Amino acid sequence: MKILYLETSSKNCSVAISDNEKLLCVTEEVSENYKQSESLHTFVEWALEGAGISMKEIEAVCLGKGPGSYTGLRIGAASAKGFCYGLKIPLIAVNSMESIIEPFLDQNYDFIVPMIDARRMEVYTAVYDGKTGKEISATEAKILDETSFEEFKDKKILFAGDGAKKAKEILQLPNAVFDENSYPSAKYLVKKALEKIEQKEFEDIAYFEPFYLKDFHGVKKKNKSEE
């Protein structure tokens, strides 16, 4: 089964294609200016060319659904929906946190904490078991302070993602490792996408919305204060 993967939730505009679990091609670029709007469709063309297949051979689309950049997520979701509508193929969505932790699993960390930079001292984050990748703490928008994650101070813990830079500057955790240069990537969506296909966990293309997290909560709070 040939699958197209789109990951646009961060500064990394990322496209990949697989044939089942075999990765055929990856095209991605990290840009401080968030170039999804100008780069995404070009990257899809390049990935198809690199994989040696045509768009009509794609049998499913997998999207990194966020959280992350509001604009980036909207661009990715619109493209994914368009491909699925046009080709009449299913849409799969995977939490972008899962593509951050994937390359670090089973590397002797007790826990892996993906972090996507938000504003000021805020990050989008979650906690996963370092061996199995099982979610320990659900994805949330979290404001960091000196006491954050202190329950893990005796554990070997990895903070990964561009939000890890904020964590490194403030957290007092002697056993912590920080990887500030990792981003959600389409190539790390393959495993989860295949699991969801096997379980027939497909999205309703008409009603699917990305996992905005903070923007959604912000709107709710604003409406309450206006009432």
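Any read-out appearing in this document is the output of simple, stated calculations on the displayed coordinates, not a laboratory observation. As the structure is a prediction and not an experimental result, all values here were calculated from the model. Virtual Cβ from ideal backbone geometry, glycine too; neighbours counted across all protein chains shown.
Residue by residue, the stretch 34-40 carries 3J(HN,Hα) couplings of 6, 9, 4, 5, 8, 9, 4 Hz when phi is fed to the Karplus relation 6.51 cos²θ - 1.76 cosθ + 1.60 (θ = phi - 60°); x denotes Gly or Pro. P(r) tail for the stretch 118-195: Cα pairs beyond 22 Å make up 23% of the total.
So which chymotrypsin sites (Phe, Trp or Tyr not before Pro) in the stretch 139-208 are both in a DSSP loop and have at most 16 other Cβ atoms within 10 Å of their Cβ?
Numbers: sites: 149, 152, 159, 178, 188, 202, 207, 208; in loops: 149, 202, 207, 208.
Passing sites in the stretch 139-208 are 202, 207, 208.
Run the helix sum for the chain: -39,500 (n - 2.57) per DSSP H stretch of 4+ residues, divided by residue count, reported at 222 nm to the nearest 500 deg cm²/dmol. Could the numbers behind the result be given before it?
Values: 6 runs with 69 residues, N = 227.
-9500 deg cm²/dmol, from helical runs alone.
Enumerate by residue number the trypsin sites (Lys or Arg not before Pro) in the stretch 56-106 meeting two conditions: DSSP loop (anything except H, G, I, E, B), and at most 11 other Cβ atoms within 10 Å of the site's Cβ.
Here the sparse-neighbourhood loop sites are 88.
Of all DSSP beta bridges in the stretch 44-155, what percent run antiparallel (nearest 5)? Don't jump to the answer; show the numbers that get you there.
Numbers: 11 of 15 bridges.
Just about 75 percent of them are antiparallel.
The dipole here belongs to the stretch 70-227: it is taken about the Cα centre, uses +1 on the Cβ of Lys and Arg and -1 on the Cβ of Asp and Glu, and is about 420 debye. With the alpha-carbon atoms of the stretch 10-73 aligned to their principal axes, the span from lowest to highest coordinate is 30, 20, 18 Å, starting with the largest. Ranking 92, 123, 107 by Cα position along the charge dipole of the stretch 53-180, where only Lys, Arg, Asp and Glu carry charges on their C-beta atoms, puts 92 farthest toward the positive end. One equal scatterer on each Cα of the stretch 1-155, no solvent, Debye formula: the resulting log10 I(q)/I(0) at q = 0.10 Å⁻¹ is -0.40. Residue pairs exceeding 21 angstrom between C-alpha atoms, taken from 56/88; 11/134; 22/56; 165/191; 142/192: 11/134; 165/191; 142/192.
If you count the DSSP beta bridges with both ends in the chain, what percent of them are antiparallel, to the nearest 5? Walk me through the numbers before you get to the answer.
On the way: 25 of 42 bridges.
Around 60 percent antiparallel, to the nearest 5.
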